[in-house]
Structures are given as C-alpha cells and as structure tokens.
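Student: One structure, as structure tokens, below. Some questions next.
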Amino acid sequence: MKTSNILQGLSEKAGHHPISTIVIVTITAIICLSFSSSLQMVTSSETFFPEDSVVYNEFKAYQKDFGTDTVFVMVKSDDITQPFVLDYISLLENQLRGLDYVISTSSPVSNIQNSALIPGQDIALIIVQVPELENPKVIAIDMERAIDFVDRPPDVTVEASGGPMLDYQLGRTMGMSMGIMFFAAIIIMVLILYTFFRTIVGGRLLPFLPLLAVTLALIISFGLMAVLEIPISMILTGFLSVLIGLGIDYGIQVMSRYEEERSKGCSVDEAIAISVTKMGSAVGLAVITTIIGFGSMLFADIPDLENFGMAVCIGLVISFIMAVWFIPAVLKLVDKGPVKIKRHTTGLFDKSLLGLSRISIKHPVLILVIVSSVAITGAVVSPKVDTLTDFYQYFPPDLEAIEFMEEMHVLTGGTDTITLIIHSDMITSPGTLNKMLMLCDYIRSHETSVISTSSFINYPYDTTGVIDLSVEHMEGERLDDAINNIRSSIEYFAPELDITITGEPILNNYIGHSMTDGQKRMTLISFVFVYLAMILIFKSFIRALLPMIPIIVVILISGGLMWYLDIPQTTLSISTNSIILGLGVDYSIHIMHRYREERENGASSIEAIRTTIPRIGKSIVTSGLTTAGGFAAMMLSPFPLMVWFGIIAFASILMILLLTLTMLPAMLILLDTPNILNRNNTPKGLHTLPYLNENVNNYE
C-alpha cells in the first residue's frame, strides 16, 4: 500500500469521525499520564557507561570490595582549635555516628593524629563512611537533619558534600531544569506561532493547535518511556524542549498547506485530504530523516545518549501521528463556515523571502563561493575543539556540593587517584609486599604526573593489595600518555603480578575515547542512512547529494563555531552532527518537493524558485524557528552541558534555515537553467535533474 493511500485513509477517518478521534487521543494521553508518574530519575555516572564496560565494572568491583560512599562535613570558624568549636565537632560527630547506616566517622576530635582533618586554621573535616545505596536521597536528608539538630555556636558554618549529597542536589536541580526548559519552550512557541503563524479559520486560538498536538504527543511519549523503563537523566532533562521544538513542525506544515488550500476555495474535506496527503508525505520523509539522526544515538555506546535518542524517536513518531490524524479532526470540528478566496498579499515577511529568492537567482555562484569559504575555515579549526570528560564540569557550578568539592580540590592540591589492584594468593608474603613497594617507587620515578603513592592490603581477604597513585588532574592526550606510561612501567617491572588499573581518571579516559569514537560512528551512520533515504526519494546517487550539501556545510561551520566560542565537546554535543544531518535535510525536502511541484505545473526554474520560496518559505521559517526555539530553551538550563548544546544546536538550525533558502535555490538554479535549451526545446537542467521532468511522478 502506498504512503499516500495510508495518509488519505487517516484523513478520511479523521474527517468522518472527528469526535471519536479526539476522544481516543485524550483517553490515551490520560492513561499515559498515569504511567509517567513511575518514571525514575537517575543522577549517577553509570548512565555514561554500557553494562558490558570492562573498565566501569572493574571500578564498581573495586568500590564494592574496598570502597564505601563518603560524606564530607566541613566545619568553618575563625579558629577551629577553640574548645567550644571542638566540643561542637564532637557533638556533631556523635549525632552523625548515631545514624543507622553510618559505618564509621573520623574527625579532629576522634582522630587527633590525622592532621589532614584540619587542612587549615579555619577548617575542620568530619569524614563519614556510608554504604552505597540505590537511593542516596535518604542519606542526604538524614545528614542534613542531623547537622541542623545540633546547636551551632555563633560564627560557625557547616557544609556537607560527597556522593550522596551531590546525587540528592542533582536530582532536585534536574527537576527544576526540566520545568524551566519546558515552560521556556512553551513561551517561545506561543510567541513564534502568534507572530508568524496566522490562520484564516477558527479564530485566534487555532494557530496554537500544533502546540496542543505536540503537548499531547509529549504526554503520550512520557507514558511510553515509563513502560519501556527509560529513566530521566541529566541529558534527558532536555527531552521536553527538544521534542516541543521538533514535533510542532509537523503540525505547522500540515496546517500551512490546509490554510493555503482553503484560501483557494477548497472545502474542509478537500483541504484536509490535500494537506495530509501532500504535506503528510513530505513530513513523513522529514520524520524518517530526523529519526535517522536521533536513532544514530543508539550506536553511541553511551547509555544516557542512547536513551535520549530513543525517547526523541518515540516522540517524533507520536507527533507525526498527531499532525496527520488529530489536527485534521480538530480542523473538521472548528472550520464550519465557508472561507472567502483570498488573494495572496505581500507583507514584510513575504518581501524578505522574495528578497532571498532574488539573491539566489541573481548571484548563485557568489553564494556558493562565500559559503564554501566559511565551511573550509570551519573545517580547519574544528579539530582544535577540546573534549571535556570531567563530569563535574557538566554540573551547575553554583551547586552547593560542587562548590564544596571545588574547595576540597583546592585544599588537597587538585589531585586525582589512579588505583592499582593486585590479585595474588601470596599477597602477604614478604616478596610480594616488597615488590609492591618497589613498584610504587619505579612508577613515581618514571611518570612525572604521579605526586605520591601509598599501598595497603585488604586483610579480610588476604588475596588483594592496593596501590593508590596520587596524580595531577589531567585530560585528553596528557592523561592518555600518563596511563600508557603507568601500564608500561607495570609490564616492565612487575609482569608477573595480576594488576587491574582503575579510578576516576581511567573512567574519564575511557569516556573520552568513547565520545570520539561515538561521534564518528553516529555521524557516519546518519550520513549513510540519510543518503540512502535521499536515493530512494530522488532515484539518483548524484541528485541525492543535493539536499545534503547545505547540511554538510553547516556541520563544518558548527565545528568552527564551537572553537570560536570555546565550547567543548561533551557527551551530548557529540550528537550534534547526526542531529543536524537528520533535521537539516527536512527543510531541503520541503523546498525540493514544492519546487518539483511547480516545475511539473509548467513553471520555469526561475518562476518555480520565485513561487516556492515565498509559499513554502514561510512555513519552513516558522518550523525552523520553533525547532531553534526548542533548543534555545536549553540555554536556560542550570547545567552547562545543556547550555553548550543549546547554543550550538540553536545556531546550527538558524544556519540550516539560511542556507536552505539561499544555497539550495542557488544550486537548483545552476543545475536547472531554463534559458539554455537543447535541440528538443527541453531545458538542459532537466537532463541533469530528471526527477523534475513532468513525466516523473514517483515522489509520493
């Protein structure tokens, strides 16, 4: 069955049974809303690592055998050694020790010999060891209550941080971030729809019908996420604004064509049928290419990004169904009276689009030269963009736990720890112990980033030893070199020992390589599948490249923009290329679809461009602005990770819009010139682009 037949069937059912359609959608949304309450929120770093990751599983095994979660309580006063301050520290430590799950505590009062617990004259630390719980919120809340319970002397302040406190504060901030971005996206959509999307039927509220449709799609998508057990994570907080910006486009495109057909004098049923079958086909292709872009995230090898891609793909499918089924049903109910045939009037916005079309027609070569120069510049500088693997820099810098950890970082000299785990049945033998000590000295002498070393044995098992290497904070190639040097030292000096290397620097190094490899993999997959989709549409390997050229240019420019704005690559921004590929080609499809339609109606290429840009350009600009608005809402997130991604995605969408309305028409003009005729009086361009020939009708 052809796609057009399926879409026609949907439009007929929506037109014949509008109330039933609306009731079905409403009931589905209510059911899914009840499911969405079971959505879980995840704040731990494990969402960055696949389940079969050897590096992460080794780290978790180390934490299970040796590590516990730690809460640091910092007590500040002008003089921490004053008796009343020490008495307060003792009372506070006893209160914390009394919590059921606390394993141990250590403070300057209970452990006088540990000078590290008083890093300065005005600071003292209480270290609380707790087990790793699935719900750190319990520990964080109890810790805060215990701290507030003990009467605090004047001029004494107390702060708490560590894994449980950070996870708890991140959870609260993620919820706030989702709310901010959601309401910002809604406000942006309302302003854009009110400004650019006016209707001739249904009164003043009808322009907001696409927003209602995508909101219902969002509710249904949340319910499906709960059923599929897709958790809300830091990256998923941007799901709301992204889907609003993307999904609203489909409704705008369908309604724009409906408005155009009604203004020509078509009946409601005729306008619905034409808009759904004609624009539904183009929108359906746009959905497919966008799904390809976001679906490539499933190959990122980063679970958080994979979940984000899956959630957006679900939302896109639901949004498309709402555009071709729910919106026509509402139009059938609302649009009751006849509409007078309206002549197209040229407003300021239309004049701007006409101006763009004139530029494309008069200066196609100049446009291509300018765009190519900027793209080459972006390609040259984009490799200089840094890759950020320090997850703490993804979090809001003003978060209490993050500020505390930054302060601790300064107090401890800004060091990280690489841990070597030695497995041996003879771990307590003098020979093995001596070998461990000598290995510490050898590594320290051969790797300059190692500041100090310490070793101990896990006596309950007597089969495992640990060497902690205190190293400078490093990223990128420097961290690569340090890890390779440590591995080489172990292989040379102690090849007979079974040693596992773990620690947060190892995890950062692993995720850095995963990001680089994942970006290449996602970009390649997106390009290949989008290109294949274009081949199926245009029936030619060469013509299939035409709508992709502006997108490739934007990808190159966006890399240069990241370098210019000093925006690093993150676990989210690595998906930008594949998203641009999936999104950008949509606008090109709409332009080429309408251009082909005008050419088949007998217009020359110049006339086709002059008609296409003003007619389809308005809906494309509106759609592009709503998409850009969805990403712009991410700039209001407290998470730098989301802000950086929002800036680049927003700028990329605007660049795609500009190039689609200038560069693509310029290429069409150069390849389809009606003024140069062959001996059969057929434009030569039609030999270059035979899909534009009036005898070819395979687009739908």
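Student: Scan the stretch 607-619 and tell me whether some residue there is in the same structural domain as Val554 (by TED's automatic domain parsing), outside any loop (DSSP other than H, G, I, E, B), at pLDDT 80 or above and in contact with a His (Cβ under 6 Å, 6 or more places away or on another chain).
Tutor: no
Student: Exactly one condition in (1) surrounded by fewer than 21 Cβ atoms within 10 Å (Cβ to Cβ); (2) in contact (Cβ under 8 Å) with a residue 12 or more places away in the chain is false for Pro505; which is it?
Tutor: Here Pro505 meets the rest and fails (1).
Student: If you check Met548, Met522, Met534, which single one turns out to be at pLDDT 90 or above and either outside the structural domain of Ala286 (by TED's automatic domain parsing) or under 27 Å from the mean Cα position of the chain (by Cα) (or both)?
Tutor: Matching residue, one of Met548, Met522, Met534: Met522.
Student: So, in the stretch 593-617, how many residues would count as being over 20 Å from Arg543 (Cα atoms) and more than 39 Å from the chain's Cα centre (by Cα)?
Tutor: Qualifying residue count, the stretch 593-617: 4.
Student: Quick one: would you say Leu546 is under 30 Å from Thr47 (Cα atoms), out of contact with any strand residue (DSSP E or B) (no Cβ under 8 Å at 6 or more places or on another chain) and in a helix (DSSP H, G or I)?
Tutor: no
Student: Then there's this: Restricting to the stretch 424-451, give me the number of residues that are outside any helix (DSSP H, G or I), modelled with pLDDT of 85 or more and exposed (fewer than 13 other Cβ atoms within 10 Å of the Cβ).
Tutor: Qualifying residue count, the stretch 424-451: 1.
Student: Could you tell me whether any residue of the stretch 591-601 is in a loop (DSSP other than H, G, I, E, B), at pLDDT below 90 and out of contact with any helix residue (DSSP H, G or I) (no Cβ under 6 Å at 6 or more places or on another chain)?
Tutor: yes
Student: Another question, if that's okay. Only one of (1) touching a helix residue (DSSP H, G or I) at 6+ places or on another chain (Cβ under 7 Å); (2) small (Gly, Ala, Ser); (3) outside any loop (DSSP other than H, G, I, E, B) is not met by Ser90, so which one is it?
Tutor: (1)
Student: In the list Ser382, Ser470, which residue meets the criterion of being surrounded by 15 or more Cβ atoms within 10 Å (Cβ to Cβ), in contact (Cβ under 8 Å) with a residue 40 or more places away in the chain, in a helix (DSSP H, G or I) and polar (S, T, N, Q)?
Tutor: Ser382
Student: If you go through the stretch 549-585, how many residues are within 17 Å of Gly646 (Cβ to Cβ), out of contact with any helix residue (DSSP H, G or I) (no Cβ under 7 Å at 6 or more places or on another chain) and assigned to a helix (DSSP H, G or I)?
Tutor: Counting residues in the stretch 549-585 that are within 17 Å of Gly646 (Cβ to Cβ), out of contact with any helix residue (DSSP H, G or I) (no Cβ under 7 Å at 6 or more places or on another chain) and assigned to a helix (DSSP H, G or I) gives 1.
Student: Out of the residues in the stretch 473-489 that are buried (at least 17 other Cβ atoms within 10 Å of the Cβ) and touching a Gly at 6+ places or on another chain (Cβ under 9 Å), state the one that is farthest from Thr502 (Cα to Cα).
Tutor: By that ranking, first place goes to Glu475.
Student: Go through the stretch 511-536 and report how many residues are in contact with a Phe, Trp or Tyr (Cβ under 7 Å, 6 or more places away or on another chain) and either over 29 Å from Asp52 (Cβ atoms) or without any contact (Cβ under 8 Å) to a residue 40 or more places away in the chain (or both).
Tutor: 1
Student: Among the candidates Val317, Val324, Val312, which residue alone is part of a helix (DSSP H, G or I), among the aliphatic types (A, V, I, L, M), modelled with pLDDT under 90 and under 23 Å from Ile248 (Cβ atoms)?
Tutor: Answer to the selection: Val324.
Student: Got at least one residue in the stretch 92-102 being under 30 Å from Ile511 (Cα atoms) and either touching an Asp or Glu at 6+ places or on another chain (Cβ under 6 Å) or not assigned by TED's automatic domain parsing to the domain that holds Ala217 (or both)?
Tutor: no
The values are calculated or read from the model by the stated rules, or taken from the named source; none is laboratory data. None of the values given here were measured: they were computed from a predicted structure. Please note: Cβ atoms are built from the backbone with ideal geometry, for glycine as well, and neighbour counts cover all protein chains shown.
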